[in-house]
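Trainee: Could you have a look at this structure, given as structure tokens, before my questions?
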Ligand SMILES: [Fe+2]
Ligand SMILES: [Fe+2]
């Protein structure tokens, strides 16, 4: 097992992460690390934690549904979680797989990975950095990304609010359910955009 603590061997870690996903996703992961490191420097976050959380955040994105369902049972995460899908599971439940596969015990990093898609009402600096970096990394290309990148330089809270507002609007427009924690994130952070 590769020890994914803060003294991790980068080459070994990248090899294992790369083997778990497509090349395109691996490029995204490296982009998230780049964006996360930039934010960590700007906002004074531990760069090693930002790097490790970024590199691992989508490790479970290509894992089969049954693996998540089994993990939900194993860790007694609640039957309610089973009605969701990969988009929600790969972070919230994926963190347990990362803990198992890498022996990663750092709760701050695991929490940031868990929250990278859904956020939380009260996010730590590391949570916010990974949440925002995932959205603005250099490979991202969608109409609002320039504004999201601009806001990230001004205020992480505004960037969280902007990203969440767009995610909620996008999901509502598609007519799909929105995970309650995403709504909590929206309710908690939207005020930052309006003042
Ligand atoms: Fe993700
Ligand atoms: Fe991602």
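Trainee: Where in the stretch 5-57 are the helices (runs of 4 or more DSSP H), entirely inside, with at least 3 residues that are modelled with pLDDT of 95 or more, within 13 Å of ligand 2 (Cβ to nearest atom) and surrounded by 16 or more Cβ atoms within 10 Å (Cβ to Cβ)?
Mentor: 23-43, 47-56
Trainee: With respect to residue 44, is the statement that it is more than 13 Å from ligand 1 (Cβ to nearest atom), more than 18 Å from the chain's Cα centre (by Cα) and over 18 Å from residue 117 (Cα atoms) true?
Mentor: yes
For (1) in contact with a helix residue (DSSP H, G or I) (Cβ under 8 Å, 6 or more places away or on another chain); (2) within 16 Å of ligand 1 (Cβ to nearest atom), each residue gets a yes or a no:
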| position | (1), (2) |
| --- | --- |
| 87 | no, yes |
| 95 | yes, yes |
| 104 | yes, no |
| 108 | yes, no |
| 112 | yes, yes |
| 131 | yes, yes |
| 144 | yes, no |
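Trainee: So, in the stretch 83-107, exactly how many residues are within 13 Å of residue 179 (Cβ to Cβ) and surrounded by fewer than 16 Cβ atoms within 10 Å (Cβ to Cβ)?
Mentor: The number of residues fulfilling the criteria is 3.
Trainee: Turning to a different aspect of this structure: Being in contact with a helix residue (DSSP H, G or I) (Cβ under 8 Å, 6 or more places away or on another chain) and in contact (Cβ under 8 Å) with a residue 60 or more places away in the chain is the requirement here; does residue 36 meet it?
Mentor: Values: in contact with a helix residue (DSSP H, G or I) (Cβ under 8 Å, 6 or more places away or on another chain): yes; in contact (Cβ under 8 Å) with a residue 60 or more places away in the chain: yes.
When the stated conditions are applied, residue 36 passes them.
Trainee: Sort out which residues of the stretch 154-168 are more than 14 Å from residue 135 (Cβ to Cβ) and free of Cβ contacts under 8 Å to residues at least 24 places away in the same chain, and write them in order of number.
Mentor: The answer is 154, and nothing else.
Trainee: Something else: Can you name the number of the only condition in (1) farther than 23 Å from residue 132 by Cβ; (2) touching a helix residue (DSSP H, G or I) at 6+ places or on another chain (Cβ under 9 Å); (3) surrounded by fewer than 16 Cβ atoms within 10 Å (Cβ to Cβ); (4) free of Cβ contacts under 8 Å to residues at least 24 places away in the same chain that residue 67 fails?
Mentor: Tallying (1) farther than 23 Å from residue 132 by Cβ; (2) touching a helix residue (DSSP H, G or I) at 6+ places or on another chain (Cβ under 9 Å); (3) surrounded by fewer than 16 Cβ atoms within 10 Å (Cβ to Cβ); (4) free of Cβ contacts under 8 Å to residues at least 24 places away in the same chain, residue 67 fails exactly one: (4).
The values are calculated or read from the model by the stated rules, or taken from the named source; none is laboratory data. From a predicted model like this one, the values you see are computed outputs, not experimental measurements. FYI the Cβ positions are ideal-geometry reconstructions off the backbone, even for glycines, and counts take in every protein chain you see.
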